[in-house]
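Below you'll find the structure, written out as structure tokens, and then a few comments.
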Amino acid sequence: MNAIVRAKPNYTWRRNGNTIEIYPVGRANSLLETRIDAVRISNTKLKEALQRLFYSNEINTAIANSGLRHGPIRGVEDQDQRVSVSADDITLRQGLNQIAETSGVRFWAFELIGPNHDIVSLNFGTGQ
């Protein structure tokens, strides 16, 4: 992870339980702390589970209110893992961590991309 943030010095990383988070330095984004009333994902493919979390009503509202747009979820296109998550009153960050941990994904990254840095992108990886 140190090599990644050396290559992109505007990012930092931290371990959160069994998950590694990579995120912009000094630009904490409140979207990751957006609370989601309930998440119920049962035996669902990784990509679909992430889409259900990323496009939940609470996240859709927070993205719209922030002037942001949904972007790509990368790194899960060919993943067949199935995940189950059942939680109440969690943040987007906690939901992403739970999905990552239950799927065996080693890290995820939150990034604002595009010329105006207004497109929210999520990247998932196994570190292999």
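Numbers for the structure displayed
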quantity	calculated
Members of the stretch 1-10 that are farther than 25 Å from residue 102 by Cβ and either touching a residue at least 24 places away in the same chain (Cβ under 8 Å) or of a type outside the set (Val, Ile, Thr) (or both)	2, 3, 6, 7, 8, 9, 10
Of residues in the stretch 78-125 being β-branched (Val, Ile, Thr) and out of contact with any helix residue (DSSP H, G or I) (no Cβ under 9 Å at 6 or more places or on another chain), the one surrounded by the most Cβ atoms within 10 Å (Cβ to Cβ)	119
Residue match in the stretch 37-46 (condition: surrounded by 12 or more Cβ atoms within 10 Å (Cβ to Cβ), within 16 Å of the chain's Cα centre (by Cα), within 16 Å of residue 110 (Cα to Cα) and among the charged types (D, E, K, R))	no
Leading residue by the ranking (modelled with the highest pLDDT) among those in the stretch 89-115 that are charged (D, E, K, R) and within 14 Å of residue 33 (Cα to Cα)	89
Those residues of the stretch 59-77 which are in contact with a helix residue (DSSP H, G or I) (Cβ under 8 Å, 6 or more places away or on another chain) and either under 16 Å from residue 116 (Cβ atoms) or not small (Gly, Ala, Ser) (or both), in sequence order	59, 63, 66, 68, 69, 70, 73, 76, 77
Residues of the stretch 70-99 that turn out to be touching a Lys or Arg at 6+ places or on another chain (Cβ under 8 Å) and hydroxyl-bearing (Ser, Thr, Tyr), as a count	2
Unique residue being under 12 Å from the mean Cα position of the chain (by Cα), at pLDDT 95 or above and either among the polar types (S, T, N, Q) or closer than 26 Å to residue 15 by Cβ (or both) when the list is 74, 52	52
Strands (runs of 3 or more DSSP E) within the stretch 15-125 that include 1 or more residues touching a residue at least 60 places away in the same chain (Cβ under 8 Å) and aromatic (Phe, Trp, Tyr)	19-24, 107-113, 119-125
Test set (1) in contact with a Gly (Cβ under 7 Å, 6 or more places away or on another chain); (2) under 15 Å from residue 111 (Cβ atoms) - residue 53 fails condition number	(2)
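The values are calculated or read from the model by the stated rules, or taken from the named source; none is laboratory data. Just so we're clear, the structure is a prediction, and the values are computed from it rather than from any experiment. Cβ coordinates were reconstructed from backbone atoms using ideal geometry, including for glycine residues, and neighbour counts include every protein chain displayed.
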